[in-house]
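**Q** I'd like to ask you about the structure that follows.
Bear in mind that the values in this text are calculations on the coordinates, not laboratory data. Worth saying up front: this structure is predicted, and the values here are computed from it rather than measured. Because the Cβ atoms are built from the backbone with ideal geometry, glycine has one as well, and the counts that use them run over all protein chains shown.
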Amino acid sequence: MGTPVLWGAFLVGALIVIAIDLFASGGKEITPKKAGIWTAIWVSLSLAFAGFLHFEYGASASGTFLMAYVIEYALSVDNLFVFIVIFTAFKVTNRAQHKLLYWGIIGAFLLRGTLIGLGTALVSKFEWLLYFFGAFLLYTAWKLLFTKSEDEEVNPEENPILKWGRKVFPVSSGPYEREFFTVENGKRMVTPLFLVLLVVEASDILFALDSIPAVLGISQDPFLVFTSNACAILGLRSLFFLVSSLMDKFRYLKIGLGVILAFVGAKLMLETYFSDWAHHHEVIVIIVSLSVIVLSLAISIIASSLIKPKEELEGDKKAKEPPAPVGER
């Protein structure tokens, strides 16, 4: 799927919207209201593109796109936590976060395109790789479901890319709020903000190791895989500013993602083995898959909203206890 004209139109359209987004923000501080508006714009454009696919290619194409898009977007929400840790550790201001995320997403856009091209080309020649991707997704799901949060805390200062950057590049003494390069004593140098950008790009490579196999588990069509990935990534910057203050409320999202990845991994391996059956029942497979993905996300988000953390419950219990008699204090 995807003629050269369609590929070109999608890329040109994406670049135009990115330019409008950049021009609209103007390097100013991103408020939750503005982030919410742009998040709605990106989601609406993605849904409109799904509608175009449905009109042009049918329910199979639009359903597959939506499944891949929802999975990638959900994984992106979980990955935003790492960005928050990085920006907090390096004391990156709101305006600088805007610039870092803008260039970081451009880099991710190019990187994902390259990796998706390689992945789909390899799968077309070596179909057994789908079993490997399925097993990897099951392993990732197991980590999400059974690894404790404290066991996977991120320490940006220990990032090997950061250590390598400090050795290779002359780093200015700074601080420089929004510049990546500067000149000190007549010598061209990178600023600390440039090193943070390297850490962000390196983090995206790790994210791609989870998301690309997951999307390939939905479809091996290069156009559907790339466009769903691109639509989710391009909306990530506005989504970051929208949910960064609410991240602690999505406590059960990781469980939902674990269930989704386990389902996609098992589905990929079964579809590869029973390829003829899956091909003849493609619509049923898409409906069941989309239902599982949406329900898993919905349940995890609702549970996060309704079930209070243990610490909060204990605090409420203490607040309700009557004060001790004066003689016993």
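**Q** L11 versus T88, label points 7 Å from Cα toward the beta carbon: distance in nm?
**A** 3.9 nm
**Q** Can you tell me how segment 44-100 classifies by the Cα gyration tensor, rounded, prolate or oblate, using a/c under 1.5 as the rounded cut?
**A** prolate
**Q** When you count, for each residue, the other Cβ atoms within 10 Å and take the mean per peptide, how do 44-54, 97-107 rank with the highest first?
**A** Peptide ranking by packing, descending: 97-107, 44-54.
**Q** So, one more: How would you order 188-200, 133-145 from highest to lowest mean count of nearby Cβ atoms within 10 Å?
**A** 188-200, 133-145
**Q** If you don't mind, there's one more thing I want to ask. Tell me which residues come under 5 Å, amide H to amide H, from F181 once H is placed; ignore anything under 5 positions away on its chain.
**A** Residues meeting the criterion, in which the H sits 1.01 Å from N, are T191.
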